[in-house]
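This report concerns only the one structure given below.
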Amino acid sequence: PIVTVLNGPNLNLLGTREPAVYGTATLADVERLCASTCAELGLRLEFAQSNSEGGLVDLVQACRGRSAGLVLNAAGYTHTSVALRDAVVAAELPMVEVHLSNVHAREEFRRHSYLSDIASGVIVGCGVLGYQFALQRIAALVLPARP
Ligand code: DQA
């Protein structure tokens, strides 16, 4: 099964952007971590990033009928985008929401997410490990249970 990992705006700057908040790993490091985790779990990884809302909607639409699960760090659009939420609902696949930082310990506007109530899990404040946890959750949901 394919699992898609999507990253929203400014996550292309990971590693150099506010390292005290987001850590020093780059998005390429995150992709490598996801690739090795997927290899261990028996999932096929598709990994992408977009700075635009429409770009993310297109990427989620491309998952329809194709990907078994979605790991989504929608970054700033988490807190604003009804369109992205609608795309995830339309895709009819399990989605796990990830944030590197603990969004509940920051500005008030980061505490609301348009994605959390439709997510099969929400992971915040675990840094890049959060992507690994999310992939494990997707694997548990989509792979047949091992005896
Ligand atoms: C983020 C948290 C968001 O509030 C923020 O806009 C981001 C990154 C995170 O991974 O911690 O860009 O999604």
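The values are calculated or read from the model by the stated rules, or taken from the named source; none is laboratory data. Note that the structure is a prediction, hence the values are computed from the model and not measured. Positions of Cβ are generated from backbone atoms using ideal geometry, with glycine treated the same way; all protein chains shown enter the neighbour counts.
All told, His112 meets the bar of being more than 26 Å from Ala35 (Cα to Cα) and assigned to a loop (DSSP other than H, G, I, E, B). Which of the residues spanning the stretch 24-55 are closer than 18 Å to Leu129 by Cβ, part of a loop (DSSP other than H, G, I, E, B) and either in contact (Cβ under 8 Å) with a residue 12 or more places away in the chain or not polar (S, T, N, Q) (or both)? Matches in the stretch 24-55: Ala25, Thr26, Leu43. Taking into account only those residues within the stretch 104-117 that are touching a strand residue (DSSP E or B) at 6+ places or on another chain (Cβ under 7 Å) and in contact (Cβ under 8 Å) with a residue 24 or more places away in the chain, which is farthest from the ligand (Cβ to nearest atom)? My answer is Leu115. For Gly125, are the conditions met, namely being within 10 Å of the ligand (Cβ to nearest atom), under 17 Å from Ser36 (Cα atoms), within 16 Å of the chain's Cα centre (by Cα) and not hydrophobic (A, V, I, L, M, F, W, C)? No, not satisfied.
Taking the criterion of being within 16 Å of the ligand (Cβ to nearest atom) and within 26 Å of Pro1 (Cα to Cα), the residues of the stretch 61-77 that qualify are Leu70, Val71, Leu72, Asn73, Ala74, Ala75. Among what's in the stretch 128-147 and is in a loop (DSSP other than H, G, I, E, B) and either at pLDDT 95 or above or of a type outside the set (Gly, Ala, Ser) (or both), pick the residue that is farthest from the ligand (Cβ to nearest atom). Across the stretch 128-147, the extreme among qualifying residues is Pro147. Screening Val21 with (1) farther than 22 Å from Leu143 by Cα; (2) away from the ligand (no atom under 14 Å from the Cβ); (3) part of a helix (DSSP H, G or I) gives one miss only, at (2).
Looking only at the stretch 56-65, how many residues end up being in a helix (DSSP H, G or I) and either farther than 17 Å from Pro94 by Cβ or not β-branched (Val, Ile, Thr) (or both)?
Residues that pass the stated criteria total 5.
Among the conditions (1) in a loop (DSSP other than H, G, I, E, B); (2) buried (at least 16 other Cβ atoms within 10 Å of the Cβ); (3) within 14 Å of the ligand (Cβ to nearest atom), Glu97 misses just one, which is (1). Could we say that Val71 is under 12 Å from Ser113 (Cβ atoms), surrounded by 20 or more Cβ atoms within 10 Å (Cβ to Cβ) and touching a helix residue (DSSP H, G or I) at 6+ places or on another chain (Cβ under 8 Å) here? No: the conditions fail for Val71. Taking the stretch 1-14 on its own, how many of its residues are more than 15 Å from Leu129 (Cα to Cα), within 14 Å of the ligand (Cβ to nearest atom) and in a loop (DSSP other than H, G, I, E, B)? Within the stretch 1-14, residues that are more than 15 Å from Leu129 (Cα to Cα), within 14 Å of the ligand (Cβ to nearest atom) and in a loop (DSSP other than H, G, I, E, B) number 3.
Residues checked against (1) touching a helix residue (DSSP H, G or I) at 6+ places or on another chain (Cβ under 6 Å); (2) buried (at least 20 other Cβ atoms within 10 Å of the Cβ):
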| site | (1), (2) |
| --- | --- |
| Leu6 | yes, yes |
| Glu18 | no, no |
| Cys34 | yes, yes |
| Thr37 | yes, yes |
| Glu40 | no, no |
| Arg44 | no, no |
| Gly54 | no, no |
| Leu59 | no, yes |
| Gly65 | no, no |
